[in-house]
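The values are calculated or read from the model by the stated rules, or taken from the named source; none is laboratory data. Quick caveat, the model's predicted, so the values are computed rather than measured. Here the Cβ positions follow ideal geometry from the backbone for every residue, glycine too, while neighbour counts run over all protein chains shown. The area values use the complete protein model at the heavy-atom level, side chains included, leaving out ligands, DNA and RNA. Shrake-Rupley method; radii C 1.70, N 1.55, O 1.52, S 1.80 Å.
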Amino acid sequence: MRPLTRSAALSRRLFLRGTGGGLLVGSLGLHGTVYAQGAAGGGAGAERPPARPVGRVEPERETEMPVEPGRRLGYAVVGLGKFALNQILPAFGESRHARLVALVSGNRDKARAVASRYGVDAGAIYDYDGFDRIADNPAVDIVYIILPNGLHAEFATRAFKARKHVLCEKPMALTSEECEAMIRAGREADRKLMIAYRAQYEPHNVEAIRRIRAGEIGPLRLVTSDHGRILDPKDPADQWRMVRALAGGGSLYDIGIYSLNAARYLTGEEPVEVFGQIHSPPGDPRFSEVEDRCAFQLRFPSGAIANLSSSYSTASVKRIQAFGEKASLVLDPATEYEGNQLMRVSERGREQVKVKDENQFAAEMDHFAESVRHNREPRTPGEEGLRDVRLMEAIYRSAREGRPVSVEATGSVRP
Ligand code: NAD
């Protein structure tokens, strides 16, 4: 392709992006001249880069540039455990609207070491007791809670008191009452609350939702989803997961929530009835307080049925399938941190759907930063977390009572 002249490049970009002319002229100034101006004697259609260093206009960009650091929303991450350190902190590097500005940890040495690597000011390290001082740090807009589930409600409430917005890991809290209190605290503080349902920001899941809403697989009849792994008592990140007061429940609460949430975002409906069965092997110390495996069904107003499971004693599985009248969509794996796959299966055969992969954690943090900046409701607000916690409470009740349990359907079908 011929290098563009300055005016052609300018008008093309204005056309492509609809961006303000001042910004573009500024950016062209930064990038200097185009070949056409630097190259002497190029014949028509044969302009060549000169054999000396020259600047030229920006290349076509495949991704948007991040906004300037000073305009990105500042996050404080609370809890520097396995998930925070391995997934969330690195994802700030791929974020366009968020930046890491503060850390909250019970281990000062660890926090200092992490802060120095991520360029966080040593004065912006807090411990759990001193967390409330975050109110005095204007660089912090959003508090991201990545603590054991039993601590989510307390820290969300304290963050709202400090007049910060809150992004909170799933499951939202131990009980629906705690979830309701978190939502109330956010409203009273006039601050936003989002639950970190990363799968709803993950490109393959987003594409599956889009195809279902577009009617591509016909009316959705059935959803199946399974999430399982081995709970390892030697792993510190699994030790609190065996304690009811910190975890809230077992495999259903921790990973079955992905199956449950998927059934809701794929159907776009709220269930009217749930049925659950639970088994924990007697004598296994891992399951003295929380359940091992759970099989559960949801019935939706349209007649769609979801058949779902979670387990702490099976090899890793993270699969979601949506069966429509014309075709089915298979996400396997569906909820890995990266490398998810989407397949369309019909009478025509199996077709791998190409989806541009993108860091789901960065997408999620950017979505919330943008929601805060533009005062918009996030896609997964506190109410979304509350619905799942209410449904999990109903699933536990159903398993205890050995019968299906009706749940109040909001009837709302999502866009
Ligand atoms: P983890 O044990 O690795 O991290 C927990 C952190 O909380 C640690 O830094 C620990 O020191 C701190 N902590 C403070 N008080 C504690 C206490 N009383 N007991 C134990 N730890 C305490 O756990 P994790 O796997 O990082 O999970 C943290 C949260 O993130 C949970 O809510 C979990 O559900 C969620 N999570 C989400 C995903 C996801 O994909 N969205 C993945 C993993 C974990």
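Dipole magnitude for region 120-265: about 560 debye, using +1 per Lys or Arg Cβ and -1 per Asp or Glu Cβ, origin at the Cα centre. Annotation: Cα Rg of region 92-241 relative to the compact-globule expectation 2.2 N^0.38 Å equals 1.25. Taken per residue, the accessible surface of the chain reaches 48 Å², heavy atoms only and a 1.4 Å probe.
Which GluC sites (Glu not before Pro) from region 339-415 combine a DSSP loop assignment with at most 11 other Cβ atoms within 10 Å?
347, 408
With the charge dipole of the chain set up from +1 on Lys and Arg Cβ and -1 on Asp and Glu Cβ about the Cα centre, the Cα lying farthest toward the positive end among the listed residues 271, 185, 50 is that of 50.
What are the trypsin sites (Lys or Arg not before Pro) within region 317-378 that DSSP puts in a loop, where the Cβ has at most 10 other Cβ atoms within 10 Å?
Details: sites: 318, 319, 326, 344, 348, 350, 354, 356, 373, 376; in loops: 326, 348, 354, 356, 376.
Passing sites in region 317-378 are 348, 354, 356.
Per atom type, region 310-363 shows carbon and sulfur on 45% of its accessible surface, probed at 1.4 Å. Extending 7 Å from Cα along the Cβ direction at residue 350 and again at residue 237 yields two label points whose distance is 2.9 nm. The share of Cα pairs per 10 Å bin across region 289-376, counted from zero up to the longest distance, runs 13, 29, 33, 22, 2 percent. Under the simplified labelling scheme, the residue 87-residue 332 pair shows an inter-label distance of 2.2 nm, with each label point 7 Å from Cα along Cα→Cβ.
Okay, helix-only estimate at 222 nm for the chain: each DSSP H run of n ≥ 4 adds -39500 (n - 2.57), divide by all residues, round to 500 deg cm²/dmol; what do you get? Don't jump to the answer; show the numbers that get you there.
On the way: 12 runs with 126 residues, N = 415.
Rounded to the nearest 500, it is -9000 deg cm²/dmol.
These residues, 242, 194, go from largest to smallest accessible area, 1.4 Å probe, as 242, 194.
Take the Cα atoms of the chain, build their convex hull, and give its volume per residue in Å³.
Numbers: hull volume 78.3 nm³, N = 415.
Normalising the Cα hull of the chain by residue number yields 189 Å³.
The aspartates and glutamates whose alpha-carbon is closer than 17 Å to the alpha-carbon of residue 110, local same-chain residues fewer than 8 away aside, are 121, 127, 129. Determine the alpha carbon to alpha carbon distance for each of 234/318; 326/354; 161/192; 82/234; 82/192 and list only those over 24 Å. Going by Cα-Cα distance, 82/192 fall outside the 24 Å limit.
Only the Cβ atoms of Lys and Arg (+1) and of Asp and Glu (-1) were treated as charged; on that basis the dipole of the chain about its Cα centre amounts to roughly 1380 debye. Charging the Cβ of each Asp and Glu at -1 and of each Lys and Arg at +1, and nothing else, the dipole of region 281-415 about its Cα centre rounds to 480 debye. Set the Cα radius of gyration of region 130-176 against 2.2 N^0.38 Å, with N its number of residues, and you get 1.10. The slack between residue 54 and residue 272, meaning 0.36 nm per residue of separation minus the straight C-alpha distance, is 71.9 nm.
Ranking of 342, 174 by solvent-accessible surface, largest first: 174, 342 (1.4 Å probe, protein heavy atoms only, all chains present). The portion of the accessible surface of region 131-253 made up by carbon and sulfur, rounded to a whole percent, is 55 (1.4 Å probe; DNA, RNA and ligands excluded). For region 207-272, trypsin sites (Lys or Arg not before Pro) meeting the loop criterion (DSSP other than H, G, I, E, B) and having at most 14 other Cβ atoms within 10 Å: 234.
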